[in-house]
Amino acid sequence: MVEARIVRELTALLGPERVVGDPHDLIVYECDGLTLERATPGVVVLPETAEEVARIVKIAHREQLPFVARGAGTGLSGGCLDLGGGIIISMARMDRILEVDFDSRLAMVEPGLVNLWLTNAVSKHGFLYAPDPSSQSACTIGGNVAENSGGPHTLKYGTTTNHVLGLEVVLPDGEIVWLGGRVQDRPGYDLTGVFVGSEGTFGIATKVVVRLLPAPEAVLTMLGVFETMDDAGNTVSQIIREGIVPAALEIMDQLTTQAVEDYIHAGYPRDAGAVLLVELDGPRAGMALQADRITRICRENHAREVRIAKDDEERQKLWKGRKSAFGAYGRITPNFYVMDGVVPRTRLPEILRQIEEIGARHGLRIANVFHAGDGNLHPMVLYDGRIPEQTSRALQCGEEILRACVDLGGALTGEHGIGVEKQNFMPMMFSPADLAAMERLKQVFSPDNLCNPGKIFPNPSHHGETTQRMPGIPGGAWI
Amino acid sequence: MDDRLVQEAEQILGAAHLLAGADAAPYAVDGMVPRAVAFPESVEEVAALLGVAHRLGAAVIPWGAGTRQDLGRPPKRADLILGLRRLNRVLEHEPGDLTASVQAGIALGALQEALGARGQWLALDPPRGHQATLGGLAATNVAGPRRFRYGTLRDMVIGIRVVGADGTVTKGGGKVVKNVTGYDMNKLYVGSLGTLAVIVELNVRLHPVPAVRAAVAGTFRSPDEAWGATRAILHSPLQPVSLVLMGEPTEHGGVRGSAAGGAPAGIGSGPVAEDAGPWVLLVGIEGFPEVVAGQRQPLHDLCLRAGARSLTALEGEELVAAESAMGTLWDLPSAPCWARCRLSTVPARVPKLCEVAAGLGAEHGLRARVASFIGNGITHVLLMTDAGGTVGEDRVIAAAEGLKAWAAGEQAAYVMEAAPVALRRRVDPWEAPRGDFRLMAGLKAAFDPEGILNPGRFIGGL
């Protein structure tokens, strides 16, 4: 609970319509896309300027109240939960595009801007914003900065951190500073680089300078249909070995393609062991030859069918299927738990076998849809939370899958972040000295530890679930 | 020898890999001869040496190939040079993963050779960078023209192992290209000039060696015209890998005899070479043959429309020669006094910067040469004077400070990358610290509280 006098002060600053304190209204802010974890915030405020954010943070700092910024709430690791009963600072009203400079290939935007809106705004000029998390029609640029979000096209274009040039941030004591800016290679430590992906624990970004890229002259999307997952995986390895770096390489297993077909009819075969979605982009010259090379590689790996989307409509449909996987699972299972592990690309066949074993051992089905090009898996543990023990078994599956990823030289998370969800798994990857170095870094930005506390670092008192209330089907979640 | 630093270092390494006394003289940093030069061969030895230095309060200068030791302010102290050349192995290279793990002391040229044997490369091409070590390149985050397509080491380092100021070994990141597990410690250390920790291992993402490399070289009468071509390319869906503008800015429109000017040998020998301008725009393209072939003509056309006086298609040895000609800006100048400054602006301001450099050159009696990675707005200005001694220094300093002042007014970034030590002792090579400096000072205090790592060399005296 936030004391009434503080709520009054915030209300005086912002007006009653931009302060949310009614317990009923706060339910919306209890969780993000990871509905297993919930916490009721003390109060929610909706600033409209960096100065307002700074004043709110100064109040929090003065009162030693924890605070956390929130974008669209599409995160998948509980990163924007208010664990301390403090202040949630919603960036929803700071959603403007402030500047677009095509000569410099950059834009300056507010953090609450929805990712896809930026591309929509610049596409008529032939440009785009490359990071495209599957939630891009809802998630915000500020949230992407906090999580260093990826997306299917990171194989070629990298993640958010490769596209952020500078940030105006409100530090945890309320001071407004610029990190980086419009120009590259500013001398000094790469504060922009460490801020991106710090999961909202270093401060609150209030302006973001991002790179824009020219839209590719041509885009070509292909679907390879395989009897087995191994064949699809080997195809990916061979494409990379032959020196081709497509814009995206995505694999879905049979459980996924069937669910997707029932849901949105994307045109995937129902009886295939795996489908591989390949996207090429770039100059039109030579694209057909590239497609021929990929077709040949698919055939060499026993593809039953290789299909090239003949128009934009078919292309959109193939992608819609991929990006709707999350929603589709909701139709075949009461609950699911999505992981975000990463393995070196060449270990994909091995990790998939291990995931199957783990699922079988716990008597749960696990669906797989993943960014095969960069080894980023999204195993989906399907379970029924109404059956006793199933939730804890699903969580156990998740932990075992992540341990297997780490043992194969991989990582706990490729794009979803650690948040509260995986904080206690951090020692799988990092020694106490490694974590101490991260803690030292955090202390520089946030010495009072008020800025999104309780995340990332191991917390012995947190056991899997923060909540007692069971979630329904997460309708608005993407991967 | 009664120096405890030398004694304890010898206990760790043995005498064979330690220099002291007069033998250490070749490793003088900005005229300061270190008490000891150590060449450890393992991470454990690096850790032990740093532990000793930390206990004794000895200042440590990490040293790769020594190619960039003139970057930054002269150190406050230089007791122990930590030479990393024996940590020079490729630890892992899995072509199917497009990643490699290497020790920090490996030279870029040696690494490219090892990777190239399996069809891959680290997409980094710093001019004259073959001898430079990966650790040194990461500490300085220097890059070459192809950063336009591939970025810098900042974008390529996916995992890192460092030895902290107290000798503690820690790691960040991992071995996979996509990883948000914990804070991005790679970004903390890359570009930190060895002031926070000593980098000992790096995991990097790789790219396939392009099947074909080529370039279109256009000559222009002025930086403005060359910018016109650049702008058209930046607005197009063409995908060049590099955009380099080279020339010698002079006060009156920039037309100086092209032999003495910036047009390197081998460029501008096309059909209209005779009245070609002195500004060369080198546009790199690479990839599969059909992709390169398909982009050549559109690039050609864009340059012509922007006013190119001559156009040459380069490949093979001609391309290497053109790139090498650009690289001369990074060679030790024969002029008695000089400085090489690097400025970052938005690309559209590069012509203005050339004009400012010309004006400062005329005002202070200097020659200026420019190589700009114009697509990124990274411009290198080499200032040279035939005057020696303090007169020459005065002139170069006046022009360099003029560039710094202009940069400050433009929100541009500035650093004097290289200059003779006598000159650097008289001027701050870094731009003035900005609002974020309190965080930088905080990082230095948190990671090197005793101030033993490259003390005083970085921006603001960090």
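Please determine, by comparing only the residues of region B:339-363 that are of a type in the set (A, V, I, L, M) and not in a helix (DSSP H, G or I), which one is surrounded by the most Cβ atoms within 10 Å (Cβ to Cβ).
Let us first name the residues in region B:339-363 that are of a type in the set (A, V, I, L, M), namely B:339, B:343, B:346, B:348, B:350, B:353, B:356-358, B:360, B:362.
Among the residues that remain, those that are also not in a helix (DSSP H, G or I) are: B:339, B:343, B:346.
Details: B:A339: 26, B:L343: 28, B:V346: 20.
Filtering region B:339-363 for residues that are of a type in the set (A, V, I, L, M) and not in a helix (DSSP H, G or I), the one surrounded by the most Cβ atoms within 10 Å (Cβ to Cβ) comes out as B:L343.
Within the group B:L87, B:L82, which residue is crowded, with 24+ Cβ neighbours inside 10 Å, part of a loop (DSSP other than H, G, I, E, B) and at pLDDT 95 or above?
Values: B:L82 fails: part of a loop (DSSP other than H, G, I, E, B).
Exactly one residue qualifies, and that residue is B:L87.
Within 14 Å of another protein chain (Cβ to nearest Cβ) and either under 30 Å from A:L14 (Cβ atoms) or more than 15 Å from the chain's Cα centre (by Cα) (or both) - does that describe any residue in region A:59-73?
Taking region A:59-73 first, the residues within 14 Å of another protein chain (Cβ to nearest Cβ) are none.
Checked against the condition, which is being within 14 Å of another protein chain (Cβ to nearest Cβ) and either under 30 Å from A:L14 (Cβ atoms) or more than 15 Å from the chain's Cα centre (by Cα) (or both), region A:59-73 yields no hits at all.
Would you be able to say whether some residue in region B:29-47 is crowded, with 22+ Cβ neighbours inside 10 Å and within 14 Å of another protein chain (Cβ to nearest Cβ)?
Within region B:29-47, none of the residues are crowded, with 22+ Cβ neighbours inside 10 Å and within 14 Å of another protein chain (Cβ to nearest Cβ).
Conditions: (1) within 14 Å of another protein chain (Cβ to nearest Cβ); (2) over 29 Å from the mean Cα position of the chain (by Cα); (3) surrounded by 23 or more Cβ atoms within 10 Å (Cβ to Cβ). A:L280 meets all but one. Number of the miss?
Unmet for A:L280, out of (1) within 14 Å of another protein chain (Cβ to nearest Cβ); (2) over 29 Å from the mean Cα position of the chain (by Cα); (3) surrounded by 23 or more Cβ atoms within 10 Å (Cβ to Cβ): (2).
If a residue counts only when it is in contact (Cβ under 8 Å) with a residue 60 or more places away in the chain, which helices (runs of 4 or more DSSP H) contained entirely in region A:11-126 have at least 3 such residues? Lay out the reasoning, then the answer.
On the way: elements: A:23-26, A:50-63, A:115-122.
Where helices (runs of 4 or more DSSP H) fall fully within region A:11-126 and carry at least 3 residues being in contact (Cβ under 8 Å) with a residue 60 or more places away in the chain, they are A:50-63.
Would you point out which residue out of B:L366, B:L353 is more than 28 Å from A:R211 (Cα to Cα) and either more than 14 Å from chain A (Cβ to nearest Cβ) or not hydroxyl-bearing (S, T, Y) (or both)?
On the way: B:L353 fails: more than 28 Å from A:R211 (Cα to Cα).
That would be B:L366, the only listed residue that is more than 28 Å from A:R211 (Cα to Cα) and either more than 14 Å from chain A (Cβ to nearest Cβ) or not hydroxyl-bearing (S, T, Y) (or both).
Filter region B:190-235 for residues that are small (G, A, S) and either in contact with a helix residue (DSSP H, G or I) (Cβ under 7 Å, 6 or more places away or on another chain) or buried (at least 22 other Cβ atoms within 10 Å of the Cβ) (or both) and give the result.
B:G191, B:S192, B:G194, B:A197, B:A211, B:A214, B:A215, B:A217, B:G218, B:A226, B:A229, B:A232
Quick one: A:K207 ticks every box in (1) in the same structural domain as A:L318 (by TED's automatic domain parsing); (2) in contact with a strand residue (DSSP E or B) (Cβ under 8 Å, 6 or more places away or on another chain); (3) surrounded by 19 or more Cβ atoms within 10 Å (Cβ to Cβ); (4) more than 20 Å from A:K323 (Cβ to Cβ) except a single one, so which number is it?
All conditions pass for A:K207, except number (1).
Could you say whether any residue in region A:221-231 is among the small types (G, A, S), crowded, with 20+ Cβ neighbours inside 10 Å, touching a residue at least 12 places away in the same chain (Cβ under 8 Å) and in the same structural domain as A:D132 (by TED's automatic domain parsing)? Can you show your working first?
Step one: list which residues in region A:221-231 are among the small types (G, A, S), which gives A:224.
Imposing the further condition that a residue be crowded, with 20+ Cβ neighbours inside 10 Å reduces the set to A:224.
Among the residues that remain, those that are also touching a residue at least 12 places away in the same chain (Cβ under 8 Å) are: A:224.
Cutting the leftovers down to in the same structural domain as A:D132 (by TED's automatic domain parsing) gives us none.
No - not one qualifying residue is present in region A:221-231.
Quick one: how many residues across region B:392-424 are in contact (Cβ under 8 Å) with a residue 24 or more places away in the chain, in a helix (DSSP H, G or I) and among the aliphatic types (A, V, I, L, M)?
Residues meeting the conditions: 11.
Quick one: in region B:133-172, which of the residues that are among the small types (G, A, S) and within 8 Å of another protein chain (Cβ to nearest Cβ) is surrounded by the fewest Cβ atoms within 10 Å (Cβ to Cβ)?
Result: B:G151.
Could you check region B:425-450 and list, in sequence order, the residues that are free of Cβ contacts under 8 Å to residues at least 60 places away in the same chain and closer than 18 Å to B:R77 by Cβ? Before you say what the answer is, go through the steps one by one.
Just the residues of region B:425-450 that are free of Cβ contacts under 8 Å to residues at least 60 places away in the same chain, to begin with: B:426-427, B:431-442, B:445-446.
Across region B:425-450, the qualifying residue is only B:A445.
So, B:Q103, is that one modelled with pLDDT of 95 or more, within 13 Å of another protein chain (Cβ to nearest Cβ) and in contact with a helix residue (DSSP H, G or I) (Cβ under 9 Å, 6 or more places away or on another chain) or not? Lay out the reasoning, then the answer.
Details: modelled with pLDDT of 95 or more: yes; within 13 Å of another protein chain (Cβ to nearest Cβ): no; in contact with a helix residue (DSSP H, G or I) (Cβ under 9 Å, 6 or more places away or on another chain): yes.
Spelling it out, it is not the case that B:Q103 is modelled with pLDDT of 95 or more, within 13 Å of another protein chain (Cβ to nearest Cβ) and in contact with a helix residue (DSSP H, G or I) (Cβ under 9 Å, 6 or more places away or on another chain).
In region A:104-143, which residue that is under 18 Å from the mean Cα position of the chain (by Cα) and over 21 Å from A:W319 (Cα atoms) is nearest to the other protein chains (Cβ to nearest Cβ)?
Per the stated criteria, the residue is A:G143.
Would you check if there is a residue in region B:183-195 being within 7 Å of chain A (Cβ to nearest Cβ), touching a residue at least 60 places away in the same chain (Cβ under 8 Å), in contact with a Leu (Cβ under 9 Å, 6 or more places away or on another chain) and polar (S, T, N, Q)? So that I can check it myself, show each step before the final result.
Step one: of region B:183-195, the residues within 7 Å of chain A (Cβ to nearest Cβ) are B:183-185, B:187-188, B:190-192.
Checking which are touching a residue at least 60 places away in the same chain (Cβ under 8 Å) leaves us with B:188, B:192.
Narrowing the set further to residues that are in contact with a Leu (Cβ under 9 Å, 6 or more places away or on another chain) leaves B:188, B:192.
Keeping just the survivors that are polar (S, T, N, Q) gives B:192.
Taking every residue of region B:183-195 in turn, at least one turns out to be within 7 Å of chain A (Cβ to nearest Cβ), touching a residue at least 60 places away in the same chain (Cβ under 8 Å), in contact with a Leu (Cβ under 9 Å, 6 or more places away or on another chain) and polar (S, T, N, Q).
I need a count of the residues in region A:321-338 that are more than 19 Å from A:I251 (Cα to Cα) and of a type in the set (D, E, K, R).
Here the count works out to 1.
Considering A:V170, A:V236, which residue is within 11 Å of chain B (Cβ to nearest Cβ), of a type in the set (V, I, T), surrounded by 24 or more Cβ atoms within 10 Å (Cβ to Cβ) and touching a strand residue (DSSP E or B) at 6+ places or on another chain (Cβ under 9 Å)?
Working: A:V170 fails: within 11 Å of chain B (Cβ to nearest Cβ).
That would be A:V236, the only listed residue that is within 11 Å of chain B (Cβ to nearest Cβ), of a type in the set (V, I, T), surrounded by 24 or more Cβ atoms within 10 Å (Cβ to Cβ) and touching a strand residue (DSSP E or B) at 6+ places or on another chain (Cβ under 9 Å).
The values are calculated or read from the model by the stated rules, or taken from the named source; none is laboratory data. For clarity, every value in this text was computed on a predicted model and none was experimentally measured. We place every Cβ from the backbone using ideal geometry, glycine too, and count neighbours over all the protein chains shown.
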